[in-house]
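The structure under discussion appears below in the form of structure tokens.
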Amino acid sequence: MAIAGRFDTHEVTNQSPPFADIDLFALDAPLQEAVRANGAAQEAKALSAFGQRWGTAEMFELARRANAHPPELEAFDPHGVRRDFVEFHPAYHLFMAESFAARLQASTWRPDGNAAPPPAQVARAARFYMAAQVETGHLCPITMTRAGVAALAAEPELTTVLMAKIAARDYDPAFRPWPEKKSITLGMGMTEKQGGTDVRRNTTRAVPAADGYAITGHKWFMSAPMSDAFLVLAQAPGGLTSFLMPRFRPDGSLNGLRLQRLKDKLGNRSNASSEVEFTDAYALRVGEEGRGVRTILQMVQLTRLDCALASTGFMRMALAQAVQHCRYRSVFQRHLYDQPMMRAVLSDLALEVEGAVALVMRLARAFDQAASDPREAAYARLVTPAAKYWICKTAPSFIYEAMECLGGNGYVEESVLPRLYREAPVNAIWEGSGNVMCLDVLRALRRDEEAADFFAQLARQSASWLGDAGDLFAPMNDFESEAKARITVGKLATLAAASAFDATAPHAVTEAFARTRLARQHAALYGADEIEAPTGDALLQRALPEG
Ligand SMILES: Cc1cc2nc3c(=O)[nH]c(=O)nc-3n(C[C@H](O)[C@H](O)[C@H](O)COP(=O)(O)OP(=O)(O)OC[C@H]3O[C@@H](n4cnc5c(N)ncnc54)[C@H](O)[C@@H]3O)c2cc1C
């Protein structure tokens, strides 16, 4: 029912009702199918409960507040003594508590820090994707905490002790030494002023001390600075090494992390990102000296998966808002939803989201099965950077297009669209920026026979959607050319997406995706590709059922 309200001078009509008090799972056919196809059908009821909770008007309002009131740094107390404390809005803490209750920070781990059995990854991926549709700033420490466990694997005893706190359901925001807390979060400090991608240029030094190491230096970006401990990289005598640096020393005094200031960011405003100096900060070594990069490698795969999941969530929310608005808004005596050109835009947007959802959920299954199946491990190695590249770089322009579907209302802060739009670029930048992802894929294709075989198999499979693919995929076989890497990786990601939803979506949807995104370069703008009317209708019903 459209909103109709009285005003002093006029009646408010021709507006869409708010997209709230909904079930984010039940309304999302591609998600439901992907969950089923990737082995998590038994989770459907619980996912629907999660979708209802996160889809409430209350949660959307809390998200608005958490972002309207960004965190503030209290570097000193009134007497000039260092506090290095960051105060967050209560709404941020409520989101942390919700995510902890759903164990988004730990559900893919067993209590000993080993991987939880399938479908832990797929089930968490579905929840993370829904949470990102509502509030994503708080998901930064959630992501870092769950991924940090992968790096801690190098120190099993330490992991067991920490897991008891990491895996708890009760979020504990107290600023106290971690052994005194019910639960803890982990952050990461890798990037320095002179290098983020190139962490081997880290200048921060680590000197062995009686009970650990003393670390001196800085980090140029260190998000979620109220985390209880941070995985940091520093130069030890044996080379670049990973460390775990708690906020408090073992004697209970404040550790030497001096927060300099918080970044004034484009988006991601509910989350704090700090610049920090380490002054003889106490830390424990994680893994061998000189093996720092190797130690964090598994962790980075997990954060990259979360970037792709979150950006898929942004696109899903932007699409749902656009479809909802167009169903209610009439222009020239016709709902926008029924105007042919708008329908072309909406169905093309829906097709993009279908591909992204299918791909990230298939990828989550690869993480579920990697330990027992080398082919799935190869899939995860190859497709994680490709999916992060493709999805995270697609999201900003996608959200802009969805915003325009709402006209002026989409540009205004009360709608969710401006926040999604500001949030989107960061997922492409952090955890390995676009070009770096492409270089990772090239490296895997060159070195990893299984990965290259998988790619060839995907290209062969494409014949079932496109007929004789001919030399369509020739540029992809140029694994040596860095200059062409974006072409190769874009094709790989779209091929993998088509393959993933070939198992779930109706054939016509796969065929439309392959025709508009594989057989040729997708048009620079949405809606400039022809999708047959019945397929367009099906896509929009799948995106948001009518009624
Ligand atoms: C909001 C926010 C929060 C952050 N939080 C954290 C945090 O908590 N912890 C942390 O450690 N870091 C954090 N970062 C830092 C982030 O991880 C880095 O900014 C990112 O890794 C890129 O590093 P850089 O900024 O040094 O850019 P650079 O490494 O200088 O890269 C600049 C550009 O060059 C490209 N490039 C690099 N190498 C090549 C190449 N060989 N060929 C072609 N192109 C190349 C990159 O893709 C990128 O586009 C955060 C960043 C942001 C924006």
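The values are calculated or read from the model by the stated rules, or taken from the named source; none is laboratory data. It should be emphasised that the depicted structure is a prediction, and the values quoted were computed from it without experimental measurement. All Cβ positions, glycine included, derive from the backbone under ideal geometry; neighbour counts span all protein chains shown.
Things to note:
- Screening residue 98 on (1) under 30 Å from residue 254 (Cβ atoms); (2) out of contact with any Lys or Arg (no Cβ under 8 Å at 6 or more places or on another chain) shows it passes everything except condition (2).
- Those residues of the stretch 478-493 which are surrounded by fewer than 23 Cβ atoms within 10 Å (Cβ to Cβ) and basic (Lys, Arg), in sequence order: 484, 486
- Boolean, residue 252 is closer than 30 Å to residue 377 by Cβ and either away from the ligand (no atom under 15 Å from the Cβ) or of a type in the set (A, V, I, L, M, F, W, C) (or both): no
- Residue list for the stretch 275-295, restricted to those being within 11 Å of the ligand (Cβ to nearest atom) and in contact with a Gly (Cβ under 9 Å, 6 or more places away or on another chain): 276
- Qualifying residue in the stretch 154-174 (condition: assigned to a strand (DSSP E or B), more than 16 Å from the ligand (Cβ to nearest atom) and closer than 22 Å to residue 242 by Cβ): no
- Residue in the stretch 402-413 that is of a type in the set (D, E, K, R) and touching a residue at least 40 places away in the same chain (Cβ under 8 Å) present: no
- Residue 337 being over 21 Å from residue 129 (Cα atoms) and modelled with pLDDT of 95 or more: yes
- Breaking point among (1) more than 15 Å from the ligand (Cβ to nearest atom); (2) in a helix (DSSP H, G or I); (3) at pLDDT below 95, for residue 400: (3)
- Total residues in the stretch 412-439, condition more than 13 Å from the chain's Cα centre (by Cα) and more than 14 Å from the ligand (Cβ to nearest atom): 9
- For residue 409, the stated conditions do not hold, so it cannot be described as assigned to a helix (DSSP H, G or I) and within 16 Å of the ligand (Cβ to nearest atom).
- Selection within the stretch 189-202 - hydroxyl-bearing (Ser, Thr, Tyr) and over 18 Å from residue 260 (Cα atoms): 197
- Sole residue being free of Cβ contacts under 8 Å to residues at least 40 places away in the same chain, within 16 Å of the ligand (Cβ to nearest atom) and outside any helix (DSSP H, G or I), chosen from 136, 197, 203: 203
- Helices (runs of 4 or more DSSP H) (entirely within the stretch 1-106) containing at least 1 residues that are exposed (fewer than 15 other Cβ atoms within 10 Å of the Cβ) and of a type in the set (Lys, Arg): 44-54
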